[in-house]
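What follows is calculated from the coordinates using simple rules that are stated; it is not laboratory data. Source: prediction; values computed, not measured. So basically every Cβ, Gly included, is an ideal-geometry build from the backbone, and we count neighbours across all protein chains shown.
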Amino acid sequence: MKRPILLSLLCSAGLPAVLLTSLPAAAQVTSNDDALPAAAPAKSQSAKKAPAGTTHAEKAPHAKSHEAAPKKPAEKKAPAASAPGASPAPAPRLPAAQRVGAPPDVPAEPPHPVVIPPPGVKVPTHPPVPPEDIKPDPEAKGQTEARPNGLRVLFAANSSGMTQPMIDAVKAEARKLAGRPTLRVTLWASASGSTEDLSTPRRIALARALAVRSLLIREGVATTRIYPRATGLAPAGSNPPDRLDIVAEGSVAAPISEAQFGTAPRTATP
């Protein structure tokens, strides 16, 4: 009794579903007749503007992209092609850093040397010490004698004072030497004494040489040309012992070593 009822229920429920699936699908569309006439001209104008084969959906993104894209600056026009037969313009030479595989640029001239000036150092300078002013000694005794290559000045024993005639004779000789700047001037000074006291005659001989040197400098003889030599005690057999010889000789200045006391002289002692 139950089986026929179940079959009838299944058939009654499945028949409408089978019919719905077997029928073709159809969409229900409603339209507003009042709005159709106003939309028709706009649709026709858009259809005229759009090229054939494109849809409104395809044009819309293209138009938007044109509106959103920023305006690019106008590109420079390429130069016109040269006339046929003319040689093409050379391409601009790029720097070596931009040329791949090209050798580096070699400058036409070497770079100028870098000169670094030394720091300025101020060295204090002092004027040369003026020579002593030699004045005549009223108690002095002595005289001068002309020599072939100079002048001999004779002093009193144990004294370095000079009389006015002695000073005038030395100054006259100094003026001659100032006019001959290539000659070196040697002052050989000696004094009398004993071998038991060698210091006193050397000091007296040095004082005589410095006095004559001051007179020569004041008359224009350069100090670099004058070489005082205080030998001290006069050599045995030389007369007179208390004397000073001004000897001008040579054409080249003597070495500095010969200007020191106690060194071997270049010329023999007069």
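Scan the range 144-175 for residues that are under 60 Å from the mean Cα position of the chain (by Cα), surrounded by fewer than 18 Cβ atoms within 10 Å (Cβ to Cβ), not in a strand (DSSP E or B) and not hydrophobic (A, V, I, L, M, F, W, C) and jot them down.
Hits for the range 144-175 are P148, N149, D168, K171, R175.
Restricting attention to the range 117-143, report how many residues are more than 44 Å from the chain's Cα centre (by Cα) and of a type in the set (A, V, I, L, M, F, W, C).
Filtering the range 117-143 down to residues more than 44 Å from the chain's Cα centre (by Cα) leaves 132-143.
Going one step further and asking which of them are of a type in the set (A, V, I, L, M, F, W, C), we end up with 134, 140.
Of the residues in the range 117-143, 2 are more than 44 Å from the chain's Cα centre (by Cα) and of a type in the set (A, V, I, L, M, F, W, C).
Free of Cβ contacts under 8 Å to residues at least 12 places away in the same chain and closer than 22 Å to L244 by Cα: which single residue out of P117, P113, P148 fits that description?
Numbers: P117 fails: closer than 22 Å to L244 by Cα; P113 fails: closer than 22 Å to L244 by Cα.
Only one candidate passes the filter, namely P148.
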